Amino acid sequence: MRDPEPAAPKIRVDGVAKFFEKGGGGDAGQVRALDGVDLDIAPGEFLTVIGPSGCGKTTLLRIIASLTDPDAGRVLVDGKAVDSPSPERAMVFQSFGLFPWKTVLDNVRFPLRVRKAPLSEATETAMEFLGKVGLADFAHSHPHQLSGGMQQRVGLARALATDPDILLMDEPFGAIDAQTRELMQEELMRLWQGSGKTVVFVTHDLDEAVLLADRVLLLSRSPGTVRALIPVDLPRPRWDYDVRALPGFTDIRARLWSMLRDDLVFAESHGPGPATAGAR
Amino acid sequence: MSAAAAAAPAVPRERPRLRAALQHAAFALALLAAWEIGSRLLGSALLLPPPGAVLAAMAELTASGELVVALGQSLLLLVLGLAAALVVGFVFGVLIGRSRIAYWTLSPYFSALFVIPTVALVPLVLVWFGFGMGGRVIIVLLAGLVPVLLSVAAGVRDAPGELVEVARSFGLRGELRLLIQVRLRAAVPLLMSGMRLAVGRAVVGMAVAESYLRLGGIGGLIRNYGSSFQTEYVFAAILPLTLLGIGLSALVGLVERRFQRWQT
Ligand SMILES: Nc1ncnc2c1ncn2[C@@H]1O[C@H](COP(=O)(O)OP(=O)(O)O)[C@@H](O)[C@H]1O
Ligand SMILES: [Mg+2]
């Protein structure tokens, strides 16, 4: 993995580890959330991340976003170590993360205004992206007036508004009903395809992981380490045919499931909590 | 606000205004009638002067300019005291809400302040600050401070950490910016209920300051006419005080609605 890649990676995760103090105060010990994660993500790549719950997926994403500092290792973007959040690495949150007191328009304008864009320019850009997610008519609504799917479209428009190179998405469709989720997966692929943006997309849905990905990253159960990186060479665009029916799709899905299943079975029989690292 | 929330637009919760107004008027009339009958049955202007006499006293006080001057003095005191309570309450509220040490060391004193009757503070304030404007403002400040402080503290402590994360992830930096743009903004509903409580207590503090520290304003009128047993003038002074309280509460309500359209 440490060999120089053919193209310079967009994101390099270099020996990242993260420990949390166990709750309840005192020195009850530490939870090892991530341990020695090495990973290169190519420019324009769509990487999905999957793994048993509690394996550190969110923690990995937050470290890439610089919302959490790693206890060891570092994250490089375009070869430079990063240490503070930036709209260049825009986040989309599972619970949408919209400001309830702001209108839809103000929510999308927010990152632009933080960057000191003039109001008229910010408005124009925000409306453009609201248009792209089909919500131009709801610019002056408040988030609570929208359905979950619409709220997440606002979250997506907000993340895209600053034209970031990197999109970080933490189970963005996890709280959305199954049918709307399929629509949004397609919309996301349309927005991403040809944009050159690098996406790191955490999910607990195997189908979703394979459907969207150029590569699927499988994290092992706690502490999270890179268990497998599986390329998905299915033809794109993937929205105008039934990808799920391809043998390629079902093969990859089955491979992932057999690996994931071991960890899930282990977790079921041993309960949650720190496990010994490097068992395999 | 949850994902399950329907896409239905918020239904404005407006009651039929005309009906509400009619109900209020009918109740006020019934009250006036009961008052008139009661005062006739009692037959004592000292215990309960009839409404007509109170109205006459009010007219007299207004004509002589006494009431207007008193109202002006009271209002000034109230505004200064409330403004001071807001400033001090915000500063200490943020401190207590954001710092564990400040919370443990300071909050018992504010809890004590909350349960002490404002009148009991008069001798201390008198000794420390004198009975000039400064002392009176301090009384109103102490009366209104704790509700502001507690609501600010609770607001900035409980404000959704997640939204702070969101703001940070989009590049908003600095504790002060996060405090103003996210924590305090998210806490507005809480702050408003604190303000409501503070206004009520400040009006009481104002009356106390004006009748115990140095006679003046509405409180002074009440005390003056009360000590010479001119009950109709006491009523004539209390009435505008009540209206002041109601008016201020309505003002807070107005601000509240302006800020809270997103809350249903
Ligand atoms: N802020 C935190 N404090 C303490 N423990 C945490 C914190 N965040 C995450 N953890 C722990 O780290 C592990 C990984 O969490 P997380 O990254 O959220 O997993 P995932 O997103 O894969 O479900 C879990 O055991 C979790 O309890
Ligand atoms: Mg997670």
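The values are calculated or read from the model by the stated rules, or taken from the named source; none is laboratory data. Model, not experiment: these values are computed from the prediction. We place every Cβ from the backbone using ideal geometry, glycine too, and count neighbours over all the protein chains shown. These area figures cover heavy atoms from the full protein model, side chains too; ligands, DNA and RNA do not enter into them. Shrake-Rupley method; radii C 1.70, N 1.55, O 1.52, S 1.80 Å.
Some observations on this one:
- Residue list for segment B:61-78, filter: touching a residue at least 12 places away in the same chain (Cβ under 8 Å) and more than 25 Å from the chain's Cα centre (by Cα): B:Leu61
- Meets criteria (surrounded by fewer than 19 Cβ atoms within 10 Å (Cβ to Cβ) and more than 24 Å from B:Gly135 (Cβ to Cβ)) for B:Val255: yes
- Counted residues, segment A:25-73 - those being over 22 Å from A:Pro87 (Cβ atoms) and open to solvent by 20 Å² or more (accessible area, probe 1.4 Å): 16
- Restricting segment A:44-62 to residues that are away from ligand 2 (no atom under 13 Å from the Cβ) and over 25 Å from A:Glu268 (Cα atoms), the residue that is nearest to the other protein chains (Cβ to nearest Cβ) is A:Leu47.
- Screening segment B:128-241 for helices (runs of 4 or more DSSP H) wholly inside it with 2 or more residues that are open to solvent by less than 10 Å² (accessible area, probe 1.4 Å) returns the ranges B:133-158, B:161-169, B:188-208, B:217-227.
- The one condition in (1) without any contact (Cβ under 8 Å) to a residue 60 or more places away in the chain; (2) within 16 Å of ligand 1 (Cβ to nearest atom); (3) under 18 Å from A:Ile41 (Cβ atoms) that A:Leu219 fails to fulfil: (1)
- Filter result (touching an Asp or Glu at 6+ places or on another chain (Cβ under 7 Å), away from ligand 1 (no atom under 15 Å from the Cβ) and not in a strand (DSSP E or B)) within segment A:43-65: A:Glu45
- Restricting the first member to segment A:92-105 and to residues that are under 17 Å from A:Ala126 (Cβ atoms), and the second to residues that are in a loop (DSSP other than H, G, I, E, B) and within 14 Å of ligand 2 (Cβ to nearest atom), the beta-carbon pairs closer than 6 Å and six or more apart or on different chains are A:Val92/A:Pro172.
- Residues that are modelled with pLDDT under 85 and among the aliphatic types (A, V, I, L, M) were ranked within segment B:210-240; the one that is farthest from B:Met195 (Cα to Cα) is B:Leu215.
- Qualifying residue in segment A:108-115 (condition: away from ligand 1 (no atom under 16 Å from the Cβ) and without any contact (Cβ under 8 Å) to a residue 40 or more places away in the chain): yes
- Applying the condition of being within 16 Å of ligand 1 (Cβ to nearest atom) and among the small types (Gly, Ala, Ser) to segment A:165-215 and asking which residue is farthest from the other protein chains (Cβ to nearest Cβ) yields A:Ala209.
- Checking each residue in segment A:77-98 for being crowded, with 21+ Cβ neighbours inside 10 Å, more than 16 Å from ligand 2 (Cβ to nearest atom) and not in a loop (DSSP other than H, G, I, E, B) picks out A:Arg89, A:Ala90.
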